[in-house]
Amino acid sequence: MDIVTFQIDAEQEGSRIDSFLAGELDSLSRSYIQKILKNGGVTVNEKAAKANYKICDGDLIRLEIPEEQEPDIKPENIPLEVLYEDEDVLVVNKPKDMVVHPAAGHYEHTLVNAIMYHCAGNLSGINGVLRPGIVHRIDKDTTGALVICKNDKAHQCLAEQLAVHSITRKYRAIVQGYFSEDSFTIEGDIGRHPTDRKKMAIVTKNGKPAVTHVKVLERLRGFSYVECQLETGRTHQIRVHLSSKGHPLLGDTVYGPAKPAVAGLTGQTLHAMVLGFQHPSTGEYIECTAPLPEYFEKLLRKLRVN
């Protein structure tokens with residue numbers, strides 16, 4: 001059993017304890033932390049805490065993380081839109097609302113469950129039992145092209161290409177407002193937000209260099225349709241960079257307005273459209289294009305200026 005303690009200061013005061021712990025511990029989902037709370041595994045000032053407890057300045061939190069048992073990740077017959085496939089790699093068009101890989105307390109209905117079924121166990125094992133075949137990921141609400149590695153050789157090759165930023169990754173997004181330029185580059189080191197641990201931010205200390213190239217494709221009614229090409233691949237990079245310029249993604253309630261500007265929209269309008277890489281065996285350049293999802297196309301039609 002692992003024991004983790006936190007001493008709360010004034011800047012952290014007021015958050016729910018389950019939200020705070022989920023933000024501090026990336027490896028544990030909020031639902032799993034709530035389960036630990038329910039079982040009495042979290043104390044505040046030596047008293048058992050409930051999930052809705054609001055933390056206070058000076059609180060001493062003690063979290064007992066149960067000894068991890070190897071999870072039983074099961075293949076699931078979930079339909080996949082395959083963009084490219086051979087004996088080394090698989091490229092799929094990930095749908096909206098699908099989590100890429102399992103996490104503690106959430107082991108079903110992820111992309112990993114789907115590819116385990118599709119690939120019949122032929123996946124690289126470098127990232128362990130929770131992330132077989134996964135060399136990179138995109139957010140739950142982000143759609144688009146994602147490459148999966150079927151063996152360790154392919155995984156190592158793709159990981160090296162990611163490390164030197166040689167993989168082509170072009171995204172399509174709808175952002176709020178208009179830009180004064182048709183194309184530009186955003187640079188800014190990205191790291192964990194200093195006060196909200198569930199968010200990323202442009203930071204001056206302990207951040208990683210991040211570069212996003214932006215091209216305006218179309219000006220819509222109050223919004224812009226843009227292409228973002230990643231030079232680096234930091235967590236939430238496009239979302240953070242565009243928000244830092246005052247143009248958050250439409251539907252992004254984390255880095256933009258709390259309520260979406262378009263009724264009924266869930267999650268940010270971000271789509272990984274183009275993914276290109278050197279094939280791990282042949283060296284041939286492979287480029288896949290994931291068509292825009294139907295909801296994205298409908299939004300474009302709705303927002304176009306007639």
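Quick look at the numbers
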| item | result |
| --- | --- |
| From VAL99, VAL135, residue being within 24 Å of ILE33 (Cβ to Cβ), touching a residue at least 24 places away in the same chain (Cβ under 8 Å) and open to solvent by 20 Å² or more (accessible area, probe 1.4 Å) | VAL99 |
| The lone exception for THR282 - which of (1) among the hydroxyl-bearing types (Ser, Thr, Tyr); (2) exposed (fewer than 14 other Cβ atoms within 10 Å of the Cβ); (3) in contact with a Pro (Cβ under 7 Å, 6 or more places away or on another chain) it fails | (3) |
| Leading residue by the ranking (modelled with the lowest pLDDT) among those in region 7-41 that are in contact with a Phe, Trp or Tyr (Cβ under 9 Å, 6 or more places away or on another chain) and among the aliphatic types (A, V, I, L, M) | ALA22 |
| Selection count, region 102-118, where residues are outside any loop (DSSP other than H, G, I, E, B) and open to solvent by less than 10 Å² (accessible area, probe 1.4 Å) | 5 |
| Residue under evaluation ALA104, criteria (1) modelled with pLDDT of 95 or more; (2) touching a helix residue (DSSP H, G or I) at 6+ places or on another chain (Cβ under 9 Å), criterion not met | (1) |
| Every pair of residues 6+ apart whose Cβ atoms lie under 6 Å, when the first sits in region 190-211 and is in contact (Cβ under 8 Å) with a residue 40 or more places away in the chain and of a type outside the set (A, V, I, L, M) while the second is outside any loop (DSSP other than H, G, I, E, B) and surrounded by fewer than 16 Cβ atoms within 10 Å (Cβ to Cβ) | THR195/GLU11 |
| Qualifying residue in region 164-180 (condition: closer than 30 Å to ASP88 by Cβ, modelled with pLDDT under 95 and either surrounded by fewer than 15 Cβ atoms within 10 Å (Cβ to Cβ) or not acidic (Asp, Glu) (or both)) | yes |
| So LEU242, is it touching a residue at least 12 places away in the same chain (Cβ under 8 Å) and either more than 30 Å from GLU13 (Cα to Cα) or surrounded by fewer than 14 Cβ atoms within 10 Å (Cβ to Cβ) (or both) | no |
| Spans of strands (runs of 3 or more DSSP E) in region 166-260 with at least 2 residues among the polar types (S, T, N, Q) | 168-176, 183-187, 223-230 |
| Candidates LYS140, LYS150, filtered to the one that is on the phi < 0 side of the Ramachandran plot, open to solvent by 20 Å² or more (accessible area, probe 1.4 Å) and at pLDDT 95 or above | LYS150 |
| Unmet criterion (only one of (1) open to solvent by 60 Å² or more (accessible area, probe 1.4 Å); (2) touching a helix residue (DSSP H, G or I) at 6+ places or on another chain (Cβ under 7 Å)) for LEU37 | (1) |
| Residue count for region 204-220, restricted to those that are over 13 Å from TYR178 (Cβ atoms) and charged (D, E, K, R) | 3 |
| Subset tally (residues that are open to solvent by 70 Å² or more (accessible area, probe 1.4 Å) and under 22 Å from ARG30 (Cβ atoms)) for region 185-203 | 5 |
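Residues are listed down the side, and each one gets a yes or a no for (1) under 19 Å from the mean Cα position of the chain (by Cα); (2) farther than 15 Å from ARG197 by Cβ; (3) in a helix (DSSP H, G or I); (4) not hydrophobic (A, V, I, L, M, F, W, C):
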residue: VAL4; (1), (2), (3), (4): no, no, no, no
residue: GLU11; (1), (2), (3), (4): no, no, yes, yes
residue: GLY14; (1), (2), (3), (4): no, no, no, yes
residue: ALA22; (1), (2), (3), (4): yes, no, yes, no
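The values are calculated or read from the model by the stated rules, or taken from the named source; none is laboratory data. All of these numbers come straight from a predicted model, not from anything done at the bench. For neighbour counting, all protein chains shown are included, and Cβ atoms are generated from backbone atoms with ideal geometry for every residue, glycine included. These area figures cover heavy atoms from the full protein model, side chains too; ligands, DNA and RNA do not enter into them. Shrake-Rupley method; radii C 1.70, N 1.55, O 1.52, S 1.80 Å.
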